There are 2 protein chains.
Amino acid sequence: MTKYDKKDYLKFNMKSIVSKLSPPQLIMIVFFILIIIGTALLMLPVSSSGPHSVTFLDALFTATSAICVNGLVVVDTGLTYSTFGQGIIMILIQIGGLGFMTLGVIIAIVLGKRIGLKQRLIIQQTTHSNSSSGLVKLCLYIACIAFVFEAVAVCVLTTRWMAELGLKDAFFHASFYSISAFNNAGFSIWSDSLSEFIDDPVVNLTIMGLFISGGLGYIVIVEIFRKRNWKKLTLHSKIVLVSSGALLLTGFLLIYALESMNPDTFGQLTWSERLWSGWFQSATARSAGFNTIDINSMLSSSQLVLILLMFIGASSGGTGGGIKTTTFFVLLLATFTTFRGGGQIHAFERKIPSETIMRALAVVISSLSFVFLVALLLTVTEGIHEEHFMEVLFEATSAFSTAGLSMGLTSELSSVGKCIVIVTMFIGRLGPLTLAYALAKKKRKSKLGYAEDQVLIG
Amino acid sequence: MTKYDKKDYLKFNMKSIVSKLSPPQLIMIVFFILIIIGTALLMLPVSSSGPHSVTFLDALFTATSAICVNGLVVVDTGLTYSTFGQGIIMILIQIGGLGFMTLGVIIAIVLGKRIGLKQRLIIQQTTHSNSSSGLVKLCLYIACIAFVFEAVAVCVLTTRWMAELGLKDAFFHASFYSISAFNNAGFSIWSDSLSEFIDDPVVNLTIMGLFISGGLGYIVIVEIFRKRNWKKLTLHSKIVLVSSGALLLTGFLLIYALESMNPDTFGQLTWSERLWSGWFQSATARSAGFNTIDINSMLSSSQLVLILLMFIGASSGGTGGGIKTTTFFVLLLATFTTFRGGGQIHAFERKIPSETIMRALAVVISSLSFVFLVALLLTVTEGIHEEHFMEVLFEATSAFSTAGLSMGLTSELSSVGKCIVIVTMFIGRLGPLTLAYALAKKKRKSKLGYAEDQVLIG
Ligand SMILES: [K+]
Ligand SMILES: [K+]
């Protein structure tokens, strides 16, 4: 210790450790620390509405679910947590949602070259270091857009709820739901989510507007506002918009047709309630996680449709999860092209690079394997009999794709089950992102060029 | 009608119709006609063991299941059909199994160039016409191999069962089970399949030897017999052998570990019965369809493992179904390579062509979509509540992948449900094959070369 004193030495050491970590490792650690801080805050007596503090595992579950904008809950958010605790959850959601959106956009910038004029300009600044001015600027842009969307929604919802709840309470509820919706978190203070407002146009349109926008992602939102012309949009935005629209419509038609046969849901609803809830349930499955009809009362066929919609999820560079609409689109396109005899895989007069297709393949196969593994583990740890298998499949998909819908298994989980779901939420949220980041950075060239050989498929 | 008389005219017309059909269409029509003939024969009073003939729908179901070597049954084969009827089923299985094996090998020849010396020699003859001498030769080879395998098994099983059943009955049972096993049909005359022989080494080894060999396929069998040297095997055979072995072992370990916790199955078995049945259930799920323990008594976690094994299935150019071991291997390999930063996808020092990977992608995405659709349809038509969802998922996968295992739903199907399963068995068996054939024949070159554009994935 001749040249440095102890403080400098530690500082130097920390720096060298951080610089040795890969960006995905760094991201993982940052979010892990955020979850630990969130857990500690939620365990404070002041966070709890009752006489007892929330247990460590339940607080950890809530914090992970909030940071990962998942929305699965082991305890009722409205009843268990005080206003302070709910405020903490709100902040965790905002940090998580903005953090993931920003990360998604950074990866987009690193990966893509023609995503948009604005993005192209910041490329040089953002690819080099973690603290360049370009990155700060980007974060500010994203935060601004989120703030504008959320602020408008808070005004609308406060006005809507003022008469019933009073100004203060209406404002708090409006803030909580706006943040929860734009970030596709799906956390709710009311126990029945938004079932009370099943055919309320103001609540439906505001909440759906928020989570659909958040799900489309920053790049698409910015492009729509700047270009206002379909032809000028980038391939990414076109694919996101077309597949999101198609999924929304397909989901609505299927849920509407199937639930029309269900005396427990649509059987008790008016025409207007059916139409609103059909759209809402179709949209919410793709990562938002609110609901206006009881998921458990739905037909198993509708639940199967919800599982598919959750698995697909929202779009890259947004606040939603799942394998992403673009992945789904690219896979279907590649399949159709192969069926028609192969050749160039293209959409909207642009060729999709073969690397992109391989990435989509890797994402879907690893996601399927992961959901399968989680479902298998939960079946074992929760001692699930075949009668409850669908709940497990639903839960595993929901946890992985950050959808946050549940058929009721979450609140009945054993401690081991809770731990599995916590890890699933974490990996489900960070996995695809860090995978994409890893792929964007690393580019392995194989040294050996092997001779080709045929393998029979199918 | 100056030049031709009517008969010639009709003949000429038929010829021109046949020549206009694509090979996949022709295959579909031939198998459709075979199913109709089988149905008619099974509806004869003499085919039934009872006073009434089998109904049209049940006969159609049985004929389709037999021709498609599936093994799902709506009526008990041993109790409903007379010895004559069982003989018809046996013949249908043999025709179906050999037919599909031959088709698979022809596609292999058309697709592959370096699959084996023998195959390379017949290429020119088989690619041109449907009736060349090369094709006939190939069919004879395949029939010979099947006959040798089955004849040996018939001798072994007749000897094993002679004391209990008498020579005549033992021979009939041995013939039925040998044909059913080599062709991966899974049809059984005994109601409890092979549960009676749960730890009988002779029955276990003979039946498993037959269906595993049949599942490996003609090319692999021939290569093993001719080359007897791992290094000399083609890439296809290496991948088939490695992935079949790995799946067999993984399936055994999982089923053994999981069922050890089950008082209804392993809880009632001796050590030797557990070991034998662990291997048997792992092997049978990959398209054979026999069982030595009751599938319905197994834990839902084991049933989930069986669903995965059934979906993967056996190998191309064999008598089994599913997406095929090679498809599974190629997809996992492509995923791992992409995770590690991309580059050439290779195995055993050979590059896997990108076309092959696209074909694997197309097979898995279309198969997943199809099974999902069938499960959704059955959930609706059978009015399935969530408690019975696993049975539906199991049934849909089993029907698609020609596994033929059932948790019991088959015998409870409505008429519409039966029709759905019939169509699923047909498409599940013919779909991947004709897809492969169509791809082998057709080679579309796109005229337009679009510019590449980036899309975000994951
Ligand atoms: K969510
Ligand atoms: K079978």
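Does segment A:68-83 include one or more residues that are part of a helix (DSSP H, G or I), over 19 Å from A:Phe172 (Cβ atoms) and under 21 Å from the mean Cα position of the chain (by Cα)?
Checking segment A:68-83: not a single residue is part of a helix (DSSP H, G or I), over 19 Å from A:Phe172 (Cβ atoms) and under 21 Å from the mean Cα position of the chain (by Cα).
Residue-by-condition table, conditions (1) more than 13 Å from chain A (Cβ to nearest Cβ); (2) in a loop (DSSP other than H, G, I, E, B); (3) among the hydrophobic types (A, V, I, L, M, F, W, C):
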| position | (1), (2), (3) |
| --- | --- |
| B:Val222 | yes, no, yes |
| B:Phe225 | yes, no, yes |
| B:Val240 | no, no, yes |
| B:Asp264 | no, yes, no |
| B:Gly289 | yes, yes, no |
| B:Leu309 | no, no, yes |
| B:Ser315 | no, yes, no |
Worksheet item: With respect to the numbered conditions (1) at pLDDT below 90; (2) away from ligand 2 (no atom under 16 Å from the Cβ); (3) surrounded by 19 or more Cβ atoms within 10 Å (Cβ to Cβ), which one is the sole condition not fulfilled by B:Gly318?
Response: (2)
Worksheet, complete the sentence: Selection from segment A:330-362 of residues more than 7 Å from chain B (Cβ to nearest Cβ) and among the aromatic types (Phe, Trp, Tyr) yields A:Phe336, A:Phe348
Item to complete: Report the residue count in segment A:381-398 for those that are under 17 Å from A:Leu308 (Cα atoms) and not small (Gly, Ala, Ser).
Response: 8
Practice prompt. Determine whether A:Phe197 is among the aromatic types (Phe, Trp, Tyr) and farther than 24 Å from A:Ser406 by Cβ.
Written response: no
Worksheet item: Filter segment A:407-458 for residues that are away from chain B (no Cβ under 14 Å) and modelled with pLDDT under 90; which is surrounded by the most Cβ atoms within 10 Å (Cβ to Cβ)?
Response: A:Thr410
Fill in: Test result for B:Thr270, away from ligand 2 (no atom under 16 Å from the Cβ) and without any contact (Cβ under 8 Å) to a residue 40 or more places away in the chain
no
Discussion item. For B:Lys232, only one of the following conditions fails: (1) away from chain A (no Cβ under 14 Å); (2) surrounded by fewer than 23 Cβ atoms within 10 Å (Cβ to Cβ); (3) not hydrophobic (A, V, I, L, M, F, W, C). What is its number?
Written reply: (1)
Worksheet entry | Among residues of segment B:45-57, those that are in contact (Cβ under 8 Å) with a residue 24 or more places away in the chain and surrounded by 15 or more Cβ atoms within 10 Å (Cβ to Cβ), counted | 5
Worksheet entry | Flag for A:Leu378 being over 16 Å from A:Met310 (Cα atoms), at pLDDT below 90 and either in contact with an Asp or Glu (Cβ under 7 Å, 6 or more places away or on another chain) or not charged (D, E, K, R) (or both) | no
Discussion item. I need the full set of residues from segment B:56-73 which are farther than 17 Å from B:Pro432 by Cα, aliphatic (A, V, I, L, M), within 14 Å of ligand 2 (Cβ to nearest atom) and touching a Gly at 6+ places or on another chain (Cβ under 7 Å), in order please.
Written reply: B:Ala66, B:Leu72
Worksheet item: Which number in (1) farther than 30 Å from B:Leu98 by Cβ; (2) crowded, with 24+ Cβ neighbours inside 10 Å marks the one condition that B:Asp199 misses?
Response: (2)
Discussion item. I need every pair where a residue in segment A:307-322 that is under 21 Å from A:Gln94 (Cβ atoms) has its Cβ under 9 Å from the Cβ of a residue that is away from ligand 1 (no atom under 12 Å from the Cβ) and charged (D, E, K, R), sequence separation at least 6 or different chains.
Written reply: A:Gly313/A:Lys324; A:Ala314/A:Lys324; A:Ser315/A:Lys324; A:Ser316/A:Lys324; A:Gly318/A:Lys324
Worksheet item: If B:Thr327 satisfies every condition in (1) more than 24 Å from the chain's Cα centre (by Cα); (2) at the interface with chain A (Cβ under 7 Å from one of its Cβ atoms); (3) among the hydroxyl-bearing types (Ser, Thr, Tyr) but one, which is the exception?
Response: (1)
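Here's the yes/no breakdown for (1) under 23 Å from the mean Cα position of the chain (by Cα); (2) farther than 21 Å from B:Leu304 by Cβ:
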| residue | (1), (2) |
| --- | --- |
| B:Ile207 | yes, yes |
| B:Lys227 | no, yes |
| B:Ala257 | no, no |
| B:Met261 | no, no |
Worksheet item: Quick one: would you say A:Asn296 is away from ligand 1 (no atom under 16 Å from the Cβ) and of a type in the set (S, T, N, Q)?
Response: yes
Fill in: Given (1) buried (at least 24 other Cβ atoms within 10 Å of the Cβ); (2) modelled with pLDDT of 95 or more; (3) of a type in the set (Phe, Trp, Tyr), number of the condition B:Phe372 does not satisfy
(1)
Worksheet entry | Scope segment A:375-392; condition more than 8 Å from chain B (Cβ to nearest Cβ) and surrounded by fewer than 24 Cβ atoms within 10 Å (Cβ to Cβ); matching residues | A:Leu377, A:Thr381, A:Glu382, A:Gly383
Worksheet item: What residue, among those in segment B:273-311 that are among the aromatic types (Phe, Trp, Tyr) and farther than 21 Å from B:Ala399 by Cβ, is nearest to ligand 2 (Cβ to nearest atom)?
Response: B:Phe280
Worksheet item: Hey, any hits in segment A:61-78 for a residue that's over 25 Å from A:Ala285 (Cβ atoms) and at pLDDT 90 or above?
Response: no
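The values are calculated or read from the model by the stated rules, or taken from the named source; none is laboratory data. Just so it is clear, the model here is predicted, and its values are computed rather than measured. Glycine gets a Cβ as well: all are built from the backbone with ideal geometry, and neighbour counts include every protein chain shown.
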